[in-house]
Amino acid sequence: MTTLPTKQNKKLGLVIDLDICVGCHACAVNCKEWNTSGHSSPLHDIDPYGDDPTGVWFNRIHTFEVESEINGSKTVHFPKSCLHCSDAPCVTVCPTGASYKREEDGIVLVNPDTCIGCKLCSWSCPYGAREYDEEAGIMKKCTLCVDKIYNENIPKADRVPACVSTCPAGARSFGDLGDENSDIFKLVEERNGYDLMPEQDCAPTNKYLPPREKNNQFSSNKLESITQDKEIAFDSWKEIIENASK
Amino acid sequence: MHPSKSIIFFTVSSGTGYGILLCLSYLAFVTDINFDNNVKLLLIITSFVFISAGLLSSTLHLGHPERAWRSFSQWKSSWLSREGLAAVITFLPLIIFYLLWYLDNFFYIYFLHLTSALCLITIYCTGQMYATLKTIPAWNNKLVTPIYGINAICMGSLTVYCLSHFHEFEVNYLYNFTIASLTLCLFMKLIYWYIISKKTTSTANSATGLGRDNNISLFEGPHTGKNFLTTEMINKIKKEKANFLRLCFTILTCILPIYMIIQEPSLIIDVFILKLSFFFVLIFALVGMLIERYLFFIQAKHVVSLYYGENKV
């Protein structure tokens, strides 16, 4: 049903540590791999080997350059997938009831048999978490690997979303964010985890941990270009390298 | 936002059809609308074709049009569902009104007003569907729903006014009504354009949470190419082009019809030329309205663009 559940027994979600993420895109790749044969399979690609490939992805990594007076300039890799909001607008706008939020664990899912592909849910989501599958004519989205986290046929340690189990840096954590005694809840408390776009009032379950402040002597030095003139830029670099090698 | 052709056609076409009924409802209040049978038939066919063509077109953008009936179920929470339901329910009194009106049965008047009320409800639901989307600040605006209403009313009354040249029927009462609704439509659009040029709700800072006074820029997008989000939600139009299109709308939909309606009594031209010119006034006004709806979509920024290089929306 398109109304949101009045209570949630659990709030399963992800915590993404922006201090650790190295932007390798492994989480996005493994997400695609698992899900293209899972609950929402297949995740279609259009023109995959052509000049203009597009396709369905549930997880994407954006990279931002952040400049501040204290920390100088730094690069922040920013993975983004469905945040499984407590007050999910994508659920209430759905005209057919295909989009729903589960009472037992808070996961937001789409019923592929009743979705009419009107795309209104994608318009209502501030985070761009919904993916329209052109070939299938229906909306798809991150399922928090619902077919993996409860799967009794795989070892217990693997029963976490694909993006979490594959992250080589350990930047992603999974757990019940509604349980104050859980490790993941404590992690968010300890590191001042925050919501994305709180002004949209979606009450996202997933939290982001901010990059730690870098307090070394070099961090506050902004990089300056060695020349304004593009034509002599290469010569200047050549000079610097030659001097250094002497 | 991506300006979907089927949705733009739907709003203009169905809106005009509903507007014709609202206009007839107004006429029924102030005068007798028991026109000649040919006139009735003309108005019945025109309004029915406008409404049905629009509604059919609206299903074209669906991934699964054959499942459209499922959208009647979630009226408790979804404006889109309410819109679909209201649009279908409207057909019931509409058809009864058509029959009774054509057969000169006095009861048509009740069904006409009932139909008009349902038309207004349908338009209200359409407007609310857009106006309740917080993610698109240009639409999350108190003027959006009234603009859907005034667009329908002014296009409907202009259609009836123009059609009156083909089968002579009394539309003196419509003279002021049409001019007033067209003028109001223009003023509401001017205010709307002013508001959307000022309003911002979210920034790249709030979208990423990477500090308040930090300067954030997108260093690298998630793909080298486009994706669903960039094609559906991130569309841009040059300011000069948008201003030109706004001017086109203003002239085609508002100024030209008002000028023609006011100048008509002083025009000394052949009747055929007059008919033809009012036919073109209507066509131009409809084109102007299509342009205005196109701008409504293409100029609306979605907050997801903050993850793709935009700094504030």
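Looking at the stretch A:33-89, which chymotrypsin sites (Phe, Trp or Tyr not before Pro) are in a loop (DSSP not H, G, I, E or B) and have at most 16 other Cβ atoms within 10 Å?
Loop-located and lightly packed - A:49.
With only Cα atoms counted, the stretch A:121-224 has Rg and Dmax values of 17.9, 56 Å. Quick check: at a probe of 1.4 Å, how many percent of the accessible area of the stretch B:166-313 sits on carbon and sulfur atoms? That fraction is 64 percent. Place a label point 7 angstrom from the Cα of residue B:167 along the Cα-to-Cβ direction, then list the residues of the stretch B:37-81 whose backbone nitrogen is under 13 Å away. From the stretch B:37-81, the list is B:37-48.
The mean number of partner chain beta-carbon atoms within 10 angstrom of a residue's beta-carbon across peptide A:135-146 is 1. Binning the alpha carbon pair distances of the stretch A:113-157 at 10 angstrom intervals from zero yields the distribution 24, 39, 24, 13, expressed in whole percent. When chain B is described by a simple charge dipole with +1 on each Lys and Arg Cβ and -1 on each Asp and Glu Cβ, the residue from B:311, B:21, B:35 located farthest towards its positive end is B:311. Only the Cβ atoms of Lys and Arg (+1) and of Asp and Glu (-1) were treated as charged; on that basis the dipole of chain B about its Cα centre amounts to roughly 1360 debye.
Packing, taken as the mean count of other beta carbons within 10 Å per residue, orders the peptides B:89-98, B:185-194 from highest to lowest as B:89-98, B:185-194. Taking amide H as placed 1.01 Å from N in the peptide plane, the amide H of residue A:175 sits under 5 Å from that of A:13, each at least 5 places away or on another chain. A convex hull fitted around the alpha carbon atoms of the stretch A:1-65 yields 188 Å³ per residue.
For residue A:142, the residues whose modelled amide H falls within less than 5 Å of its own, excluding neighbours fewer than 5 places apart on the same chain, are A:82. In this structure, the residue pairs whose Cα-Cα separation is over 28 Å, taken from A:10/B:76; A:11/B:198; A:140/B:189; B:134/B:226; A:74/A:140; A:32/B:198, are A:11/B:198; A:140/B:189; A:74/A:140; A:32/B:198. With K and R counted +1 and D and E -1, the other residues having a Cβ less than 9 Å from that of residue A:110 yield a net charge of +3.
Per residue, the convex hull around the alpha carbon atoms of chain A comes to 200 Å³.
Across the alpha-carbon atoms of chain B, the computed radius of gyration and Dmax are 21.7, 72 angstrom. Put simply, when A:86-94, B:141-149, A:120-128 are sorted by average Cβ atoms within 10 angstrom per residue, most first, you get A:120-128, A:86-94, B:141-149. Pairing chain B with chain A buries about 4500 Å² of accessible area. This figure sums both sides and uses a 1.4 Å probe.
Within the stretch A:100-195, the GluC sites (Glu not before Pro) that combine a DSSP coil assignment with at most 10 other C-beta atoms in a 10 angstrom radius are A:104, A:152, A:180.
Spread over its residues, the convex hull of the C-alpha atoms of the stretch B:1-90 is 124 Å³ per residue.
For a distance above 42 Å, tell me the whole-number percent of Cα pairs in the protein assembly as shown that qualify. Across the protein assembly as shown, Cα pairs with separations above 42 Å total 34 percent. Sites count as exposed loop sites when they are GluC sites (Glu not before Pro), lie in a DSSP loop, and have at most 16 other Cβ atoms within 10 angstrom; the longest stretch of chain B without one is B:1-167.
How much accessible area per residue does the protein assembly as shown have, counting only protein heavy atoms and a probe of 1.4 Å, in square angstrom?
Counting only protein heavy atoms, the per-residue value for the protein assembly as shown is 47 Å².
Annotation: amide H-H contacts under 5 Å for residue A:62 (H modelled 1.01 Å from N, sequence separation of 5 or more, or interchain): A:78, A:80. Quick check: from the Cα gyration tensor, does the stretch B:66-175 come out rounded (a/c under 1.5), prolate or oblate? Cα axes put the stretch B:66-175 in the oblate bin.
The values are calculated or read from the model by the stated rules, or taken from the named source; none is laboratory data. These numbers were taken from a predicted model, which means no experiment stands behind them. Positions of Cβ are generated from backbone atoms using ideal geometry, with glycine treated the same way; all protein chains shown enter the neighbour counts. Note: areas computed on protein heavy atoms with side chains; ligands, DNA, RNA excluded. Shrake-Rupley method; radii C 1.70, N 1.55, O 1.52, S 1.80 Å.
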